[in-house]
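Worksheet: the structure to be examined is printed underneath.
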Amino acid sequence: MTEAGRLVPETRIRQLEQHARDIRREIVTMVHTAQSGHCGGSLSASDIVAALYFDVMKIDPARPRMPDRDRFVLSKGHACPVLYAALALRGYFPVQELSTLRKNASRLQGHPVSTYLPGLDATSGSLGMGFAQAIGMALEAKMTGAQYRVYSLLGDGELNEGLVWEAASSAAKFGLDNLVAIIDRNNLQNDGKADDIMPMEPIDRKFEAFNWRVLTIDGHDMAAVVQTLESAAKASGKPTCIIARTIKGKGVSFMEDQREWHGKPPSDIEFTRACKEMDDAEPDCTETEGGRR
Ligand SMILES: Cc1ncc(C[n+]2csc(CCOP(=O)(O)OP(=O)(O)O)c2C)c(N)n1
Ligand SMILES: [Mg+2]
């Protein structure tokens, strides 16, 4: 049950889980095709991004610049395969274009460029800077009376950036209750365990001390993800931080919780193995109304 009292129907959750599986398949496929890109942090965020783009956010793929659309800022811009996959599957551009990831002249660069592709609200990749842009967007809504909400996804390694904490202070100062930060707490960054490189715990108490409301969830439990995002929309007076506990590489067994899969493309053999695993993870179509597309 959400704080608002709405029980998210089971069939809706099953459909969103299917969207997340579809997103994961596109991530692995596009990074394999490009032989470059970031699988690990894209796969850990797939459930969250599926919930946002297929349920929670007020968006219209036919009107990507709609003034009162909700905004999404992927502050950990290196994980753009998850965003490109969600945008394509949601109908912002053809799914076939995913195969151009990281190619010269492609609209799908290795980090998102907002002017290149419909549906991208921010250019990001320099860690911390996307989050700061998200605060600016939420502040603009407050100043103009616009009703849109701003969601920003950060990595746990990204929290090392001082800019994150400057931005977090500002969000609280301006009472940005239209802002939701989601921390992808997958415990790894590119060079090793996030907490070995720079211990950041207690992340929840840090955000609380910065005057944020904090909610901690299992970032792969679709019902919890949807309900918590809905609850965040009811916030009043302060910004919300959702700490989503996730597994880097989630959905492909040999990529899960393995540092080297931060930014390594799968070989042909690994890709075949990953596809087999993802095929095996598909439910029988008769089991779910969501089914395969
Ligand atoms: C300002 C800045 N410093 C360094 C980098 C290089 N870099 C790219 S990804 C990454 C690690 C990010 O780890 P995390 O935020 O945990 O991302 P995830 O695990 O979700 O992939 C780093 C240091 C960068 N993109 N920007
Ligand atoms: Mg991480």
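Residue-level check: of (1) more than 16 Å from Tyr53 (Cα to Cα); (2) in a helix (DSSP H, G or I); (3) within 16 Å of ligand 1 (Cβ to nearest atom); (4) in contact with a Phe, Trp or Tyr (Cβ under 8 Å, 6 or more places away or on another chain), Leu98 misses just (3). Looking at region 118-139 only, could you name the residues that are in contact with a helix residue (DSSP H, G or I) (Cβ under 7 Å, 6 or more places away or on another chain) and over 30 Å from Gly237 (Cβ atoms)? Within region 118-139, Gly119, Gly125 qualify.
One residue alone among Ala233, Ala244 is among the hydrophobic types (A, V, I, L, M, F, W, C) and within 29 Å of Val31 (Cα to Cα), and that residue is Ala244.
Go through the residues of region 245-259 one by one and say whether even a single one is touching a strand residue (DSSP E or B) at 6+ places or on another chain (Cβ under 6 Å) and of a type outside the set (Lys, Arg). Yes, because at least one residue in region 245-259 is touching a strand residue (DSSP E or B) at 6+ places or on another chain (Cβ under 6 Å) and of a type outside the set (Lys, Arg).
Among the residues of region 184-201, those that are within 6 Å of ligand 1 (Cβ to nearest atom) and either assigned to a loop (DSSP other than H, G, I, E, B) or at pLDDT below 95 (or both) comprise Asn186, Gln189, Asn190. Checked against (1) assigned to a loop (DSSP other than H, G, I, E, B); (2) within 16 Å of ligand 1 (Cβ to nearest atom); (3) of a type in the set (Asp, Glu), Asp60 passes all but condition (2).
Residue count for region 111-160 satisfying the condition of being under 22 Å from Leu176 (Cα atoms), part of a loop (DSSP other than H, G, I, E, B) and either within 16 Å of ligand 2 (Cβ to nearest atom) or not hydroxyl-bearing (Ser, Thr, Tyr) (or both): 11.
Within region 265-282, does at least one residue satisfy the condition of being more than 16 Å from ligand 2 (Cβ to nearest atom), modelled with pLDDT of 95 or more and part of a strand (DSSP E or B)? No, because not a single residue in region 265-282 is more than 16 Å from ligand 2 (Cβ to nearest atom), modelled with pLDDT of 95 or more and part of a strand (DSSP E or B).
Among the residues of region 171-215, the ones that are under 22 Å from the mean Cα position of the chain (by Cα), of a type in the set (S, T, N, Q) and surrounded by fewer than 20 Cβ atoms within 10 Å (Cβ to Cβ) come to 2 in all. Scanning region 80-91 turns up one or more residues that are more than 16 Å from ligand 2 (Cβ to nearest atom), under 27 Å from Ala141 (Cα atoms) and surrounded by fewer than 21 Cβ atoms within 10 Å (Cβ to Cβ). Consider region 15-55 and keep the residues that are within 15 Å of ligand 1 (Cβ to nearest atom) and not in a helix (DSSP H, G or I). The one that is farthest from Glu260 (Cα to Cα) is Ala45. Filtered by the rule that a residue be buried (at least 24 other Cβ atoms within 10 Å of the Cβ) and more than 13 Å from ligand 1 (Cβ to nearest atom), region 150-166 gives Val150, Tyr151.
The values are calculated or read from the model by the stated rules, or taken from the named source; none is laboratory data. Remember, predicted model here, so these are calculated numbers, not experimental data. Using ideal geometry, Cβ is built from the backbone for each residue, glycine included, and neighbour counts are taken over all protein chains shown.
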